Amino acid sequence: MSRAVQNLLMVLVGGAVLWITLVTGEVVNFVKEGLRWPLVASAAVLIGLGLAGMRRDWRERPGEHPGGGHGPGGHGHGPDGPRTAWLLCLPVLAIFAVAPPELGVFTADRTDGASTVAPPKIPVEDDDYALPPSPDPYPISVGEFMGRSFEAQIGGQVTLAGRRLVLEGFATPGKQGAWYLTRLQMSCCAADAMALKVKILDAPAPAKGSWVRVVGLWRPAGEPRGSGVYEFTAQSVSPIDKPDNPYE
Amino acid sequence: MATGARGKAETPPAEWGRRRAEPGADAVWWFVSAVSLLAIGRIWVAPWVTWTGVQAWSTIFIAICVQALPFLVFGVALSAAITAFVPAEVWSRALPRRGAAAVPVAGMAGAVLPGCECASVPVAGSLMARGVVPAAALTFLLAAPAINPIVMVATAVAFPGRPEMVAARFGASLTVAVLAGWVWLRFGKGEWLRIPDRPDHSGGRWEAFRVAVRHDFLHAGGFLVVGGVAAATINVVVPAAWVNELAGVPWAAVLTLAVLAVLMSICSEADAFVAASLTAFSPTAKLTFLVVGPMVDLKLIALQTGVFGRRFAVRFIPLTFVLAVAVSAVTGGLFL
């Protein structure tokens, strides 16, 4: 790999990152919002160094200064730079040629078997678990709904009873016409996304993968049945646009 | 692109000679073709790619690469800055003369100084060339990429709400590095190790920095892509039931991820994100992945063989691997 290509590759990788962070905003399909500016900064470093290298190569005739700059030999590649670097073309190509959307039904179906993991913890600001009195209906994240539901099932505080709630997510089909409101939760990036599913009762299933807002009531599990029972009685189901950040 | 150029057998050497005379024109040519290729991809290919499996694979693959990129860039930049601007004499003066004491100090030095794996091998070589006890230099070689601050931050980001993962990684990696150093001090023979000549820094320091960043980034970036491809494939292609079954057997899970760490050769600044994506595996198995990866992997085997010689590599690498797996299993069993 010649120095010109090495410099070009750095500029291309940096450019692809600027494209998804600043131009299309696709970055939220892959990672958390907070990583946007660190990404822009590292893209700027890559582009800056790549351009500096190009400028230098442009001015100098090749062969006048040593190419490698790395330590004693035996590095698995010649002075012309590492061959593995060609692989960096792959993510750049994937960003432009595939332009993949956020994870959805496919991943939700796949992670189905692994849903035995403990439900997410309730984000508690203080000791008071009670939901704030307004607004009504109260918008709640799928993760928090499951956390509070789990809390009630294992004999803890009951905080959802009788309260009208709003859940947002995409529809995934279950068995015998049942369907789930699903949201993918990522702890770090899309690679570790885990499906959170709430069974919706008393409403016909929307199209698979379509985004919906469901207003309704928490349905308590009859007796303490351990984890894994998250049910919601729908009063209304309305289609919505995909939210800016598709993950929780 | 490379095959296209190679395929034209009739392209005379004169053609290459002409291009070499004008490197700028070469760069412009590459740039224009690369950008047009990407634009074509965006306009004509992207709308046709709809198969959900391919899309999910691409999303996960890009997610790992993108998530790791800032850590990789700043890690590489810092380690290049240290290589270019801090003379190796500083370290040899800071280390105790006695080997047994120098080993743990060298291990702790790894906790302070960010060093990429690729950089740490030549740095350890230059430490030895400047008179540092080889065992201490080897401990530094193992510790610097494994427990430096950037790696610790990356691990904390990859495992939010799991500070014990960060602590376990730090403790286990430092233990392995120090143990390996002591074992080498006690049983290692001087003739196994080929101490390299001092590398020369020609050109200015800024130039050395720029070239080091470019080299390390491209090198580590290539291996990050390998890791991203493997993790995305495990996530999307390999049936979830198989992964769960394998991950359900504790010793099999630990060994599998240990071997995967060796094969994937991901840079230590990026590997935590790959580990976190292997959701089916136990924390102990993930810890093994994180401890083994920065110390033993394909690119390090190649590097160590190249810098220190075969007779060194065939002894030191198995020693490190066994220590890393054993210490991770014990640490994971006790704390995770």
Given +1 on the Cβ of Lys and Arg, -1 on the Cβ of Asp and Glu, and no further charges, what dipole in debye does the protein assembly as shown carry about its Cα centre, rounded to the nearest 20?
-> 1520
Count of lysine pairs in the protein assembly as shown with Cα atoms under 19 Å apart, counting only pairs 8 or more residues apart in sequence or on different chains?
-> 10
In terms of the Cα gyration tensor, with a ≥ b ≥ c the square roots of its eigenvalues, is the protein assembly as shown rounded because a/c is under 1.5, prolate because a/b exceeds b/c, or oblate?
-> oblate
Taking every C-alpha to C-alpha distance in chain B and binning by 10 Å from 0, the per-bin percentages run 6, 23, 30, 22, 14, 5, 0
Lys/Arg +1, Asp/Glu -1 at C-beta; the stretch B:52-335 dipole; positive extreme among B:MET108, B:PHE289, B:VAL254 = B:MET108
Restricting to Cα pairs under 8 Å and 6 or more apart, the percent relative contact order of the stretch B:52-335 works out to 25
Over the stretch B:135-269, relative contact order from alpha-carbon pairs under 8 Å, at least 6 apart, % = 29
Answer with one residue from B:PHE316, A:LEU12, B:PRO160: the one whose Cα lies farthest towards the positive end of the charge dipole of the protein assembly as shown, charges on Cβ with Lys, Arg +1 and Asp, Glu -1.
-> B:PHE316
Dipole magnitude of chain B about its Cα centre (Cβ charges: Lys, Arg +1; Asp, Glu -1), debye to nearest 20 = 680
Which of A:CYS188, B:CYS116 comes first, and how do the rest follow, when ranked by fewest Cβ neighbours within 10 Å?
-> A:CYS188, B:CYS116
Using θ = phi - 60° and the Karplus curve 6.51 cos²θ - 1.76 cosθ + 1.60, what whole-Hz ³J(HN,Hα) does each residue of the stretch B:83-89 get, with Gly and Pro shown as x?
-> 4, 7, 10, 9, x, 5, 4
Could you run the Karplus curve 6.51 cos²θ - 1.76 cosθ + 1.60 with θ = phi - 60° over the stretch A:174-182 and give me ³J(HN,Hα) per residue in whole Hz, x for Gly and Pro?
-> x, 7, 6, x, 5, 9, 10, 8, 10
Note to self, chain B gives a 222 nm [θ] from helices alone (DSSP H runs n ≥ 4, -39500 (n - 2.57) apiece, / all residues, nearest 500) of -25500 deg cm²/dmol
Per residue of B:219-230, other chain Cβ atoms within 10 Å number on average 5
Which percent, to the nearest 5, of DSSP beta bridges fully inside the protein assembly as shown are antiparallel?
-> 80
Based on the mean of other Cβ atoms within 10 Å per residue, sort peptides B:151-161, A:23-33 so the most packed one is first.
-> B:151-161, A:23-33
For the stretch B:257-310, what is the relative contact order in percent, using Cα pairs closer than 8 Å and at least 6 residues apart in sequence?
-> 52
Please average, across the residues of A:11-18, the number of beta carbons from any other chain that are within 10 Å of each residue's own beta carbon, and give a whole number.
-> 4
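Each reported figure results from applying straightforward, stated rules to the coordinates on display, with no laboratory input. Just so we're clear, the structure is a prediction, and the values are computed from it rather than from any experiment. Reconstructed Cβ throughout: ideal geometry from the backbone, glycine too, with neighbour counts over all protein chains shown.
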